[in-house]
1. In the range 1-83, which trypsin sites (Lys or Arg not before Pro) are in a loop and have at most 14 other Cβ atoms within 10 Å, using DSSP for the loop call?
2. Take THR10 and SER137, extend 7 Å from each Cα along the Cα→Cβ direction, and tell me the distance between the two endpoints in nm.
3. Which whole-Hz couplings ³J(HN,Hα) result when phi for each residue of the range 89-96 is put into the Karplus expression 6.51 cos²θ - 1.76 cosθ + 1.60, θ = phi - 60°, listed in order with x for Gly and Pro?
4. How would TRP94, TRP19 rank on accessible area, largest to smallest, probe 1.4 Å?
5. If you take the C-alpha gyration tensor of the range 46-136, multiply each eigenvalue by 5 and take the square root, what semi-axes do you get, largest first, in whole Å?
6. ARG122 to ARG22: FRET efficiency via 1/(1 + (r/R0)^6), r the Cβ-Cβ distance, R0 25 Å, to the nearest 0.05?
7. Take GLU9, GLU2 and sort them by solvent-accessible surface of the protein heavy atoms, 1.4 Å probe, largest at the top.
8. Excluding ligands and nucleic acids, what accessible area in Å² is computed for LEU138 using a 1.4 Å probe, to the nearest 10?
Amino acid sequence: AETFSVPSETGVMLQAKIWNPRRELETSEPAIVLVHQWSMMGGKASLMHGIALELNKRGFYAVTFDMRGVGGSSGQKTINGCKEVRDVEAICDWAHTRLGRDLVLLGSSGGAPIAGSAIDLRPFIRAFVGVGYVCGSLASIIFHPHFAAVIATSKPRLF
């Protein structure tokens, strides 16, 4: 994987990796942007590397990144992840331009609601996959700002 520094509109520098596939699929296949678990509980891009490698083996480009305040990314983590949605937007804009492909967002655990908030923010985001999507009363207290976007979208979703 190649490592990059990606600037966001909020002034945060995000550390990202592009995982180039061993064999490339058709150019119409989307790249997968992986959104790591909730930063406040130790989420980081390296926890998504195994999924990125598996996607690579199957011919997909994968993008992993550390959200603000994690690993090599600057900025401060937020409790409800609302500013982290801007991080997802910045990475998606950069990945779409760099790879010339539409994208699918794959969020894990607390990263799933954050990724889901970005699904309709860009026309080139085709779909959303939520692995271990957090829900319930405690999650609702923290992540309630994110639920509406993923419920309202007409784009394909898999939980």
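The values are calculated or read from the model by the stated rules, or taken from the named source; none is laboratory data. Not measured: the values here are computed from a predicted model. Note that each Cβ is placed from the backbone with ideal geometry, even for glycine, and that neighbours are counted across all protein chains shown. Areas reflect the complete protein model, heavy atoms only, side chains present, ligands, DNA and RNA absent. Shrake-Rupley method; radii C 1.70, N 1.55, O 1.52, S 1.80 Å.
1. Answer in residue order: ARG22, ARG23, ARG58.
2. 3.0
3. Going residue by residue, I get 4, 4, 5, 5, 4, 5, 5, 4 Hz, with x marking Gly and Pro.
4. TRP94, TRP19
5. With the √(5λ) rule applied to the range 46-136, the semi-axes are 19, 15, 15 Å.
6. Taking R0 as 25 Å, the efficiency between ARG122 and ARG22 is 0.35.
7. Highest to lowest solvent-accessible surface, that is GLU9, GLU2.
8. Here the accessible area works out near 120 Å².
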